[in-house]
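The values are calculated or read from the model by the stated rules, or taken from the named source; none is laboratory data. As the structure is a prediction and not an experimental result, all values here were calculated from the model. Cβ placement follows ideal geometry from the backbone for every residue including glycine, while neighbour counts extend to all protein chains displayed.
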Amino acid sequence: MKQERALGLVFLGALLGAWELVARLELVSRRYFPPMTHVILTFLQLSGSLDLPLDLGRSLGRMFGGFFLAVLLMVPLGFLMARVRPAYNLFEPLVETLRPLSAPAIIPVVMLFLGVGNAMKIFVVFYACAFPILINTVDGVRGVDPVFVHTARTYGATSQEIMRKVILPAAWPQIFGGLRTSLPIALIVVITSELIGGNDGLGFFILNNMRNFYIRESYAGLLMVGLVGYGLNRVAMVLDARFTAWDRKGRD
Amino acid sequence: MRRGGGGIRRLLYETRCPGYLFMGLLLGFWEVAALADLVDADFIPRITAIAVSCGELIRSGELPQHVARTLARTFQGYAWGILLGVAVGAASGLWRPVHALLGLTIEILRPMPVVATIPIGILFLGMGNRMNVFVVALATTWPIYVNTFQGVRRVGAELIDTGRIFGCHPPRNIFKIVLPAAMPFIVSGLRVSLAIGLIVAVISEMLVSGDGLGHFIVDTAQAFRVPEMYAGVIATAAVGYALNRTFLAVENRFMGWHKGFTAQRAA
Amino acid sequence: MAAILQAIGLQKVYNPENPTRTVALDGLSFCVDQGEFVSFVGPSGCGKTTLLMTLSCLTEPTGGKILVKDREVAAPPPEMAVVFQDYGRSLFPWRTVLRNVTFGLESKKQLSTADRTEIAMRAIRDVGLAGFEQHYPWQLSGGMQQRVAIARALAYEPDILLMDEPFASVDAQARTELEDLLLGIWEKFSQTILFVTHDIEEAVYLSDRVFVLSARPASIINAMSVDLGRPRDQLATRELPAFWKYRHEIYRIIRQETIRQRADATGAPPGEVRP
């Protein structure tokens with residue numbers, strides 16, 4: 001195990017070294033391909049100043065804003081649809097029709113209505129996260145084994161107690177899966193919205209700097225986005241392990 | 001003979017009628033609101049207006065042209081994604097040293113949103129088709145890689161041993177045993193990637209391009225050709241839907257054995 | 001001896017207005033005295049599980065009624081606890097063993113948390129799982145998981161224990177241990193136990209009386225008293241000639257019923273509705 005990890009690090013190091021070398025030797029024009037060290041330096045500089053952190057904060061704010069909005073609205077709706085058949089029949093056709101319409105495609109439309117501010121971006125993130133969260137919630141709640149419910153009923157649990165003590169915990173792994181899936185989607189969509197119709201945020205930061213030929217700054221912004229993506233992934237993995245360790249069904 | 005009450009109950013509980021009615025009501029409301037000028041017609045045109053412009057765009061060939069361009073890019077990038085994804089995924093799944101070498105780097109690169117690389121892509125590849133295809137290729141590689149890797153890893157040792165008994169050794173067994181056995185996973189990755197590829201193509205067209213659905217939507221939006229813009233959005237959704245259905249149909253044709261197999265195992 | 005549970009003319013019809021109409025129970029009546037250990041056996045698919053679901057009020061009967069302590073019941077009564085066959089699907093995987101066992105006590109509001117823990121720990125000890133309180137179900141073997149289910153029922157302190165083929169999913173070795181464990185608990189606490197099983201020998205070994213059910217629609221063909229003395233022993237009791245006489249008789253009846261069911265089926269509508 002240890003040597004495998006080392007091997008991976010060696011390869012990564014070699015890649016970074018190659019980057020540095022190619023850039024310094026100007027095998028690719030320096031305008032396009034600054035050395036890695038320069039990029040990292042610029043990154044640290046920008047992080048120290050106000051520019052990058054502000055844009056980072058804006059992007060994260062929009063991302064989580066849309067995400068939590070989706071959670072707040074879609075999880076209860078999912079429960080409703082899963083438990084009340086007419087509610088399911090009412091909303092399901094609409095959901096299935098809107099499903100092929102992905103969030104980036106509606107960005108220009110939303111821009112017409114909401115302009116290029118935070119509202120547009122938060123709404124688009126909300127729209128993008130809504131489907132995975134809703135669908136996973138419905139599936140999770142529907143998939144709760146009826147035997148669990150029977151057992152609870154024989155031990156005198158009320159409907160409310162059953163919802164709280166049985167259905168919620170049993171459905172949670174799948175619901176959490178939906179939340180987990182929608183986070184990277186939220187990141188992608190917020191960056192996209194800032195690229196297409198933005199005046200601030202990380203996406204705009206990268207694009208704008210590139211347009212003005214601040215190449216190193218552009219790379220630094222990309223690095224920041226990469227870090228956010230990686231960080232989100234790690235956090236999700238940790239939370240996943242902690243909260244759903246008991247769910248052996250989905251594991252291999 | 002059922003009473004009226006029973007009929008409505010059945011309608012509510014057993015059919016999707018409430019949903020279709022609901023959608024119909026929403027669309028009707030939209031139409032009336034636009035008609036009665038309750039909403040700004042610049043932003044929310046009548047459904048009929050949208051339908052009309054849809055029809056015209058299709059007839060004039062403008063929309064099909066853009067659809068074709070988007071699809072072309074999507075499939076070009078997708079092809080690269082399949083090549084790379086399957087190759088690297090299979091190699092990583094089969095040979096531990098390969099996985100050890102590449103694993104860490106891939107783990108770091110994968111969570112990066114591909115759309116964020118578009119500006120850099122523009123820098124290197126310009127504003128033309130090459131950039132679009134590159135971004136699509138990058139985006140489609142990841143899901144295919146992950147699924148191929150997992151599929152290959154899970155091929156049961158019994159299958160490989162059986163192969164060896166009948167004289168099928170590595171590397172021949174890669175194509176005769178390992179890949180076919182991993183197919184269900186790979187196909188799943190292919191399906192997800194196709195959808196992702198399409199949307200990434202559209203996004204890249206929104207940012208840089210002279211044609212394609214993404215460009216069309218942005219262009220018509222900026223020119224305030226609003227019904228056409230809606231038509232473009234609907235077209236995008238329709239193309240995505242059609243691609244998915246086509247894929248499923250093809251999958252059923254070739255992967256039918258898998259459904260029966262998993263059903264039997266579960267029993 | 002007081003009759004603690006009475007079933008009067010129980011009827012259960014599935015899909016009454018469809019072509020797939022199935023009569024699972026038809027006029028089933030019996031009564032069980034307090035402290036009795038009775039078993040239900042019958043041909044496959046005769047409706048044993050339907051009977052248990054109806055008795056525990058998890059399913060509403062189409063006709064007839066159920067009396068617990070001379071009181072008609074329509075919802076799962078607090079005097080009753082159920083142990084299902086598939087422990088994997090009835091133990092809550094997100095709760096530890098201890099928390100699973102205390103689940104039933106959570107509805108008894110007058111108990112404090114400390115009380116509940118104490119009662120639960122006692123039950124866990126009674127089934128021989130002391131030391132495993134903080135484990136999760138998936139960490140235990142099948143037999144152990146079923147013990148947890150039994151402990152949960154025990155802690156609930158029911159007067160009546162319904163068990164639906166509880167040892168069918170457990171390996172043969174663990175099964176004999178669980179059978180004796182159950183008898184030990186029964187002797188200690190004197191609950192009334194209704195035990196559904198397809199294993200005739202198990203029924204004879206455990207019970208005071210064995211109800212033999214007919215093929216679908218289920219009714220009681222025979223209520224056989226089992227006079228094998230107490231306490232029972234896996235080796236000694238099974239050597240008694242009377243043991244095999246009872247087994248033989250029950251098997252004969254069931255085999256007859258199975259043949260009759262197959263003969264009926266060739267003329268009957270297709271498909272069997274499993275509850």
Answer with yes or no whether A:T42 is touching a residue at least 60 places away in the same chain (Cβ under 8 Å) and away from chain B (no Cβ under 11 Å). yes
Starting from the range A:227-252, take each residue that is more than 9 Å from chain B (Cβ to nearest Cβ) and list its partners that are modelled with pLDDT of 80 or more and not in a helix (DSSP H, G or I), counting only C-beta distances under 6 angstrom and pairs at least six apart or across chains. A:W246/C:P93; A:W246/C:W94; A:W246/C:Y136
So A:E92 passes all but one of these: (1) touching a Gly at 6+ places or on another chain (Cβ under 6 Å); (2) over 30 Å from A:V144 (Cα atoms); (3) surrounded by fewer than 20 Cβ atoms within 10 Å (Cβ to Cβ); (4) of a type outside the set (S, T, Y). Which condition number does it fail? (2)
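Let's see how each residue does on (1) surrounded by 12 or more Cβ atoms within 10 Å (Cβ to Cβ); (2) outside any helix (DSSP H, G or I):
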| position | (1), (2) |
| --- | --- |
| C:V212 | yes, yes |
| C:A223 | yes, yes |
| C:L228 | yes, yes |
| C:P231 | no, yes |
| C:I250 | yes, no |
| C:E257 | yes, no |
Can we say B:L123 is facing another protein chain (nearest Cβ under 7 Å) and surrounded by fewer than 22 Cβ atoms within 10 Å (Cβ to Cβ)? yes
Would you call A:V189 within 27 Å of C:T49 (Cα to Cα), of a type in the set (V, I, T) and either under 17 Å from the mean Cα position of the chain (by Cα) or assigned by TED's automatic domain parsing to the domain that holds A:M237 (or both)? no
Just the residues that are surrounded by 14 or more Cβ atoms within 10 Å (Cβ to Cβ) and hydroxyl-bearing (S, T, Y), please, taken from the range B:36-85. B:S53, B:T70, B:T74, B:Y78
Are there any helices (runs of 4 or more DSSP H) wholly within the range A:146-220 with 2 or more residues that are over 30 Å from A:A236 (Cβ atoms), and if so which? A:146-154, A:159-162
Extreme residue, farthest from the other protein chains (Cβ to nearest Cβ), among residues of the range C:94-110 that are at pLDDT below 90 and surrounded by fewer than 20 Cβ atoms within 10 Å (Cβ to Cβ): C:Q110
At pLDDT 85 or above, assigned by TED's automatic domain parsing to the domain that holds B:G210 and not aliphatic (A, V, I, L, M), is that true of B:G28? no
Listing of helices (runs of 4 or more DSSP H) fully contained in the range B:39-121 that carry 3 or more residues being touching a Leu at 6+ places or on another chain (Cβ under 7 Å) and in contact (Cβ under 8 Å) with a residue 12 or more places away in the chain: B:62-94
Being within 24 Å of C:G42 (Cα to Cα), touching a residue at least 12 places away in the same chain (Cβ under 8 Å) and surrounded by 16 or more Cβ atoms within 10 Å (Cβ to Cβ), is that true of even one residue in the range C:111-125? no
Lone qualifier among A:L195, A:L183, A:L202 - being out of contact with any Phe, Trp or Tyr (no Cβ under 9 Å at 6 or more places or on another chain) and within 27 Å of B:V202 (Cβ to Cβ): A:L202
Can you find a residue that is without any contact (Cβ under 8 Å) to a residue 24 or more places away in the chain, of a type outside the set (F, W, Y) and facing another protein chain (nearest Cβ under 9 Å) anywhere in the range A:170-187? no
Report yes if some residue within the range A:120-129 is farther than 30 Å from C:S56 by Cα, buried (at least 19 other Cβ atoms within 10 Å of the Cβ), in contact with a Phe, Trp or Tyr (Cβ under 6 Å, 6 or more places away or on another chain) and more than 12 Å from every other protein chain (Cβ to nearest Cβ); otherwise report no. yes
I'd like to check something: does the range B:161-181 contain any residue that is among the β-branched types (V, I, T) and within 12 Å of chain A (Cβ to nearest Cβ)? no
Could you look through the range C:13-59, keep only residues that are among the polar types (S, T, N, Q) and not in a loop (DSSP other than H, G, I, E, B), and pick out the one that is nearest to C:D199 (Cα to Cα)? C:S39
Scan the range B:204-220 residue by residue and report those that are more than 7 Å from chain A (Cβ to nearest Cβ) and surrounded by 23 or more Cβ atoms within 10 Å (Cβ to Cβ). B:S204, B:E205, B:S209, B:G212, B:L213, B:G214, B:F216
Single match in B:A201, B:A237, B:A223, B:A249 (criterion: under 17 Å from the mean Cα position of the chain (by Cα), closer than 30 Å to B:I122 by Cβ, surrounded by fewer than 22 Cβ atoms within 10 Å (Cβ to Cβ) and of a type in the set (G, A, S)): B:A237
Qualifying residues in the range A:197-220 (those that are in contact (Cβ under 8 Å) with a residue 40 or more places away in the chain and facing chain B (nearest Cβ under 8 Å)) - the one farthest from B:P111 (Cα to Cα): A:I215
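Matching residues to (1) more than 14 Å from every other protein chain (Cβ to nearest Cβ); (2) under 29 Å from B:V133 (Cα atoms); (3) out of contact with any strand residue (DSSP E or B) (no Cβ under 8 Å at 6 or more places or on another chain); (4) of a type in the set (V, I, T):
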residue	(1), (2), (3), (4)
B:L26	no, no, yes, no
B:V32	yes, no, yes, yes
B:P45	no, no, yes, no
B:F75	yes, yes, yes, no
Among all residue pairs at least 6 apart or on different chains, which show Cβ distances below 7 Å where the first residue, located in the range C:50-68, is surrounded by fewer than 17 Cβ atoms within 10 Å (Cβ to Cβ) and the second is assigned to a strand (DSSP E or B) and among the acidic types (D, E)? C:K65/C:E72
B:I108, sole failed condition from (1) within 7 Å of chain A (Cβ to nearest Cβ); (2) in contact with an Asp or Glu (Cβ under 9 Å, 6 or more places away or on another chain): (2)
Of the conditions (1) over 30 Å from B:F134 (Cα atoms); (2) assigned to a helix (DSSP H, G or I), B:S193 fails just one. Which one is it? (1)
